[in-house]
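The values are calculated or read from the model by the stated rules, or taken from the named source; none is laboratory data. The shown structure was predicted, so the numbers you read here are calculated from the model rather than taken from an experiment. All Cβ positions, even for glycine, are placed from backbone atoms using ideal geometry, and neighbour counts span all protein chains on display. The accessibility values were calculated without ligands, DNA or RNA, using every heavy atom of the protein model including side chains. Shrake-Rupley method; radii C 1.70, N 1.55, O 1.52, S 1.80 Å.
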Amino acid sequence: DGVAPGKGFKCSLCTKALKKMQALAGDDPDEAAVAAAMQKGCRALGRRAGKLCQRLVNKYADQITEGLQNGDTPQDICAAMGICRS
């Protein structure tokens, strides 16, 4: 279903974007792989969602990178950023 509990649209956008980035980054990504995945992941969401996604990436790049490198779930990463309730 893809809809995470929490703050509705922003939360589901965050988890959707992070699932995409996780898939693009692959297993055990380095920082370059994560950075590329963040760019591509946002573009894959379309224009409106992509813009919001890009803002998210700009604001939380370090947390996203760390989360993806630690193998955290998209839900956990979005909760850690305060976008979803855990």
Leu45 is checked against (1) touching a Gly at 6+ places or on another chain (Cβ under 8 Å); (2) outside any helix (DSSP H, G or I); (3) of a type in the set (A, V, I, L, M, F, W, C) and fails just one. What number does that condition carry? (1)
Of everything in the stretch 72-83, what is open to solvent by 20 Å² or more (accessible area, probe 1.4 Å), part of a loop (DSSP other than H, G, I, E, B) and in contact (Cβ under 8 Å) with a residue 40 or more places away in the chain? Give them in sequence order. none
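For every residue, the table says whether it meets (1) more than 11 Å from the chain's Cα centre (by Cα); (2) of a type in the set (Asp, Glu); (3) surrounded by 16 or more Cβ atoms within 10 Å (Cβ to Cβ); (4) at pLDDT below 95.
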| site | (1), (2), (3), (4) |
| --- | --- |
| Gly26 | yes, no, no, yes |
| Arg43 | yes, no, no, yes |
| Cys53 | no, no, yes, yes |
| Val57 | no, no, yes, yes |
| Gly67 | no, no, yes, no |
